[in-house]
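Readers should treat all values here as calculations from the given coordinates under stated rules, not as data from a laboratory. Quick caveat: nothing in here was measured; it's all calculated off a predicted structure. As a convention, Cβ positions derive from the backbone with ideal geometry for all residues, glycine included, and neighbour counts pool all protein chains shown.
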Amino acid sequence: MHDRGGWPTDAPIDRSEHDLADWELLTDALVHALARNGLMNVDELRRGIESMPPDEYERASYYERWLYSVETILTEKGVLAPGELDARLAK
Amino acid sequence: MTFQAGQRVRVAARAHEGHHRTPAYVKGKSGRVERIHGAFTNPETRAYGGDGLPEQRLYLVGFDPSDLWPGSGGQTRDRVQVDIYEHWLEDAG
C-alpha cells in the first residue's frame, strides 16, 4: 500500500505547482513543533500514516494523512484523550 | 557486514511486521551500492518510541528497473535508487 512505488499508468504526470491552504501550512508547522518538543518524531509520523485503513489512505490528501497520524500517535501517548479532538470540534 | 561503493548487494526478502523503510518491491532483488550516506538512527525502533540506537549504516543502492518490474526494460539508462539500511543488505558477489 505504502511502498509500492506507484501504480502503472499511461496518464500524464501532473507537474503543476499548487498553493497550500492555511490548514496545510499549520499542519506542517504543528508536526515540526511536536518533533522539536520531543512529542513525536518522523518515524512515528510514518507509522501512523501506515496504520490508516487502505481505503481511507487512498481518499486522504497528503496533509490529511499527517493529521490522521498526529491524532493517532498523540492519542496513543496520552497527550490527547480518545475523542478529545472530535469533542472540541463539535463545540 | 560493511559494504563498499560499487559492491553488488541483495536486499533481504524477509517479511517484517511494523514500520520499516525497505520497500517491498526491492526485497529479494540485487543492485549495486552507489553511495554510503553515513549512519543514522533506526526507524524500525524509533517509530515505536525507542531511541533508534545503535545507529545503522545507510546506503544508496541502485537497481536496474527491469530487475524490479519485468517488462519495464528498454530504457536501460534509468536507475531506481533506494536508501537501504545495512541490516537489510547481504553481499551478492
Checked against (1) out of contact with any Pro (no Cβ under 8 Å at 6 or more places or on another chain); (2) surrounded by 13 or more Cβ atoms within 10 Å (Cβ to Cβ); (3) among the basic types (Lys, Arg), B:Arg21 satisfies every condition except (1)
Residue that is farthest from the other protein chains (Cβ to nearest Cβ) [pool: residues in segment A:7-58 that are assigned to a helix (DSSP H, G or I) and of a type in the set (Phe, Trp, Tyr)]
A:Trp23
So, B:Gly18, is that one over 9 Å from the mean Cα position of the chain (by Cα), of a type in the set (Gly, Ala, Ser), in a loop (DSSP other than H, G, I, E, B) and more than 11 Å from every other protein chain (Cβ to nearest Cβ) or not?
no
Please find, among B:Tyr59, B:Tyr25, the residue that is in contact (Cβ under 8 Å) with a residue 24 or more places away in the chain and either over 14 Å from the mean Cα position of the chain (by Cα) or in a helix (DSSP H, G or I) (or both).
B:Tyr25
Could you pull out the residue among B:Pro70, B:Pro54 that is over 20 Å from A:Asp43 (Cβ atoms) and either without any contact (Cβ under 8 Å) to a residue 24 or more places away in the chain or under 13 Å from the mean Cα position of the chain (by Cα) (or both)?
B:Pro70
